[in-house]
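As structure tokens, the structure follows; a few thoughts come after it.
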Amino acid sequence: MVNHGSLEKQQIKLYTIGFAQKTAKEFFTVLKNNRVRKLIDIRLNNTSQLAGFAKKQDLEYFLNEICNIKYLHEPDFAPAKEMLDSYKKKEISWSVYEERYLDLLSQRCIAQKIAPKELDMSCFLCSEPKSKFCHRRLLAEYLKSIYENIEIKHL
């Protein structure tokens, strides 16, 4: 069981960001300007050639060197491959994808895997340029439903 400590009552600032349609300069500048301390990579595949500057090894290096930001990959926060593939192929709608992803978070006991203090000044990373149809928004809102003191900002 995770110790949730004194931050349960303090305001927690949680960010989300997608790297697509951003230059490296834009991406790292926005993280730095918002004083993000930890980037939590919630992608299924963080080594794809399509990721460019956001490939795991490069990203971890750049975050540390440019912004002094810690990097953490949390594949348990990613959707299941089959679920994501079904949505991308338009075999399921966004609402079905959303429902299945939220059920998966519950099954995986996500809230017990990360303490509120670990979320404070952290940023969930995915590839989608906008948060509206991205699992990073769903994850942030799911955690906010458990820890009401979370303020979410999509970068």
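Within the set of pairs 6+ apart or on separate chains, which have a first residue in the stretch 36-47 that is without any contact (Cβ under 8 Å) to a residue 60 or more places away in the chain, a second that is aliphatic (A, V, I, L, M), and C-beta atoms under 6 Å apart?
Close Cβ pairs satisfying both conditions: L44/A78.
Can you tell me which residue is nearest to A140 (Cα to Cα) among those in the stretch 45-95 that are among the small types (G, A, S) and part of a helix (DSSP H, G or I)?
The selected residue is S95.
In this structure, does L31 turn out to be assigned to a helix (DSSP H, G or I) and modelled with pLDDT under 80?
Taking the combined requirement at face value, the residue does not satisfy it.
Does the stretch 95-108 include one or more residues that are at positive phi, of a type outside the set (V, I, T) and either without any contact (Cβ under 8 Å) to a residue 24 or more places away in the chain or surrounded by 14 or more Cβ atoms within 10 Å (Cβ to Cβ) (or both)?
No: zero hits.
Please give the number of the condition K130 fails out of (1) charged (D, E, K, R); (2) within 25 Å of I12 (Cβ to Cβ); (3) without any contact (Cβ under 8 Å) to a residue 60 or more places away in the chain; (4) loosely packed, with under 13 Cβ neighbours inside 10 Å.
K130 satisfies all of (1) charged (D, E, K, R); (2) within 25 Å of I12 (Cβ to Cβ); (3) without any contact (Cβ under 8 Å) to a residue 60 or more places away in the chain; (4) loosely packed, with under 13 Cβ neighbours inside 10 Å except (3).
Could you list, in sequence order, all residues of the stretch 62-83 that are aliphatic (A, V, I, L, M) and surrounded by fewer than 18 Cβ atoms within 10 Å (Cβ to Cβ)?
Hits for the stretch 62-83 are I66, L72, A80.
Among (1) touching a residue at least 40 places away in the same chain (Cβ under 8 Å); (2) part of a loop (DSSP other than H, G, I, E, B), which single condition is E148 missing?
Of the numbered conditions (1) touching a residue at least 40 places away in the same chain (Cβ under 8 Å); (2) part of a loop (DSSP other than H, G, I, E, B), the odd one out for E148 is (1).
Inside the stretch 107-122, can you point out the residues that are assigned to a helix (DSSP H, G or I) and either farther than 15 Å from D76 by Cβ or within 13 Å of the chain's Cα centre (by Cα) (or both)? Explain how you work it out, then say what you get.
Let us first name the residues in the stretch 107-122 that are assigned to a helix (DSSP H, G or I), namely 107, 110-113, 116-119.
I110, P116, K117, E118, L119, listed by residue number.
Applying the selection to the stretch 135-152, what residues are touching a His at 6+ places or on another chain (Cβ under 9 Å) and under 22 Å from L63 (Cα atoms)? Give the derivation first.
Within the stretch 135-152, the subset touching a His at 6+ places or on another chain (Cβ under 9 Å) is 136-137, 140, 147.
Hits for the stretch 135-152 are R136, R137, A140.
The values are calculated or read from the model by the stated rules, or taken from the named source; none is laboratory data. Note that the coordinates shown come from a computational prediction; the quantities given were computed from them, not determined experimentally. Glycine gets a Cβ as well: all are built from the backbone with ideal geometry, and neighbour counts include every protein chain shown.
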